[in-house]
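> Okay, here's the structure, questions in a sec.
The values are calculated or read from the model by the stated rules, or taken from the named source; none is laboratory data. These numbers come from a predicted model, not from an experiment. Reconstructed Cβ throughout: ideal geometry from the backbone, glycine too, with neighbour counts over all protein chains shown. SASA here: full protein model, heavy atoms, side chains in, ligands and nucleic acids out. Shrake-Rupley method; radii C 1.70, N 1.55, O 1.52, S 1.80 Å.
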Amino acid sequence: MKVSDILLQSTKAYPSLEIVPPLNGISRKELLDSVRPFIEFSPKYINITCHRDEYEYVKNSDGSFTRRLVRKRISESAVCGAIQSEFKVDVVPHLICGGATKDQIDFQLQDFRFMEIENILALRGDCITGEKRFTPQEGGYRHANELVSGIREFEKQRECEGFFSIGVGGYPEKHFEAPNMEDDIAHLKAKVDAGADYVITQMFFDNSVFYSFVSKCREAGISVPIIPGLKPLSTFRQIELLPQAFSIDIPQELTSEMRLFKDDKKALYRIGELWCINQCKDLIKKGVPAVHFYTMGKADNVVNILRACF
Ligand code: FAD
């Protein structure tokens, strides 16, 4: 079922789950076992992240280097297929502009259609390791709004208009490259105007930031559903790593509490879980259509949060 239809028909907030394809070497059984704990909550769909192939430089015996293309993770199509067949749950693969030409994106869309996957989260993707700024592939898309238009064009050419329900990313604390929030929201509107059906946000730890973002989006004329993204903190290091990696703030109250229990792994885990439960309950109370969880392949805390909130 299309996410846009689910959002139209839902009468109460539901959990949306995002998983990361496993690293090479992990078996199909191990992957499915890591997803299985979520199945008791009858998820309406599961998002699967997309990762670019990368280049590695291998040193030759004469001191020169050979550039080698490496894929560190199992492809998202393989993961989608495994989840569809094992759990009969809809999947939402993420599709990124980075590293692909427009033709390659069309081939991927062809495969999704063949697999009866009707949902896509359309994103630009991040820089590859070593890059300071995102460099589009020659013959590829530069921004997610172009990708959304490309998907809608693909549907037109194959006479299957509206086959895909398309989600896009939004940033309650502003995307790190945007000069200001207004500019970022104008670009978000361009994605919706190009044909996106809904928005999923970057993670945030202060709900007031999300509510203010939604108000600004509505003022800017963005009327599609906006799904908040949450991630429970689970380790002390994350209070340094997440702001660096995602350009987000962690509230002082949460930071101080984590510092108090710096060396107590169990306590830190529980603090992150409880903070997320409080955020989630408040979001549901305020009427969000769904809550998206960045599970990062770890089920325990998200399962506890789902039990407490849904
Ligand atoms: P864009 O919408 O293209 O925006 C990127 C920047 O460019 C912003 O600053 C924006 O203001 C600006 N901009 C946008 N359009 C234009 C335009 N037409 N002209 C000029 N400037 C413009 N990354 C992955 O690699 N794989 C994933 O699976 C993945 N999943 C994600 C899931 C969610 C819910 C979110 C929120 C992010 C995810 N990301 C993923 C990260 C995402 O790829 C990065 O945040 C990336 O840097 C931006 O992607 P975007 O689609 O928001 O890009």
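> Test of understanding: among ASP5, ASP62, ASP33, which residue is in a loop (DSSP other than H, G, I, E, B) and among the acidic types (Asp, Glu)?
Step by step, each of ASP5, ASP62, ASP33 is checked, and only ASP62 is in a loop (DSSP other than H, G, I, E, B) and among the acidic types (Asp, Glu).
> Still on this structure, I have one more. Please work out which one of (1) within 16 Å of the ligand (Cβ to nearest atom); (2) touching an Asp or Glu at 6+ places or on another chain (Cβ under 6 Å); (3) in a helix (DSSP H, G or I) is the condition PRO21 fails and give its number.
Answer for PRO21: the failing condition is (3).
> With the structure loaded, tell me whether VAL199 is modelled with pLDDT of 95 or more, outside any strand (DSSP E or B) and among the aliphatic types (A, V, I, L, M) or whether it fails that test.
Spelling it out, it is not the case that VAL199 is modelled with pLDDT of 95 or more, outside any strand (DSSP E or B) and among the aliphatic types (A, V, I, L, M).
> Next question, about the same structure. Taking segment 36-55 on its own, how many of its residues are surrounded by 12 or more Cβ atoms within 10 Å (Cβ to Cβ) and acidic (Asp, Glu)?
2
> Among the listed residues GLU116, GLU153, GLU131, GLU138, which satisfies the condition of being within 13 Å of the ligand (Cβ to nearest atom) and free of Cβ contacts under 8 Å to residues at least 40 places away in the same chain?
Only one candidate passes the filter, namely GLU131.
> Within 24 Å of SER10 (Cβ to Cβ) and open to solvent by less than 20 Å² (accessible area, probe 1.4 Å): does that describe LEU268?
No.
> Quick check on my filter: what residues within segment 55-75 are of a type in the set (Asp, Glu) and within 30 Å of VAL89 (Cα to Cα)? Spell out how you get there, then give the answer.
The initial filter retains those residues of segment 55-75 that are of a type in the set (Asp, Glu), namely 56, 62.
Passing the criteria: none in range.
> Residue check, GLU173 against (1) within 13 Å of the ligand (Cβ to nearest atom); (2) closer than 25 Å to ASP90 by Cα; (3) not aromatic (Phe, Trp, Tyr), all met but one. Which one?
(2)
> For the condition surrounded by 14 or more Cβ atoms within 10 Å (Cβ to Cβ) and at pLDDT 95 or above, what is the one hit in ALA299, ALA290?
Just one listed residue meets the conditions, ALA290.
> Looking for whichever is more than 10 Å from the ligand (Cβ to nearest atom) and not β-branched (Val, Ile, Thr) here; the options are ASN207, ASN180. Which one fits?
Result of the check over ASN207, ASN180: ASN207.
Okay, residues lined up against (1) of a type in the set (Ser, Thr, Tyr); (2) at pLDDT below 95; (3) farther than 22 Å from ASP106 by Cα:
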residue: LYS132; (1), (2), (3): no, yes, yes
residue: VAL148; (1), (2), (3): no, no, no
residue: MET181; (1), (2), (3): no, no, yes
residue: VAL209; (1), (2), (3): no, no, yes
residue: SER212; (1), (2), (3): yes, no, yes
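> Sort out for me the helices (runs of 4 or more DSSP H) sitting completely within segment 211-310 that have 3 or more residues that are of a type in the set (D, E, K, R).
The qualifying helices (runs of 4 or more DSSP H) are 252-260, 265-285.
> Across segment 66-96, what is the number of residues that are under 23 Å from ALA122 (Cβ atoms) and of a type in the set (D, E, K, R)?
5
> Please note which helices (runs of 4 or more DSSP H) are completely contained in segment 72-181 and include at least 2 residues that are within 30 Å of ASP249 (Cα to Cα) and open to solvent by 40 Å² or more (accessible area, probe 1.4 Å).
Per the criteria, 144-157.
> In addition: Of the conditions (1) within 18 Å of ILE151 (Cα to Cα); (2) part of a loop (DSSP other than H, G, I, E, B), PHE205 satisfies every one except a single condition; which number is it?
(1)
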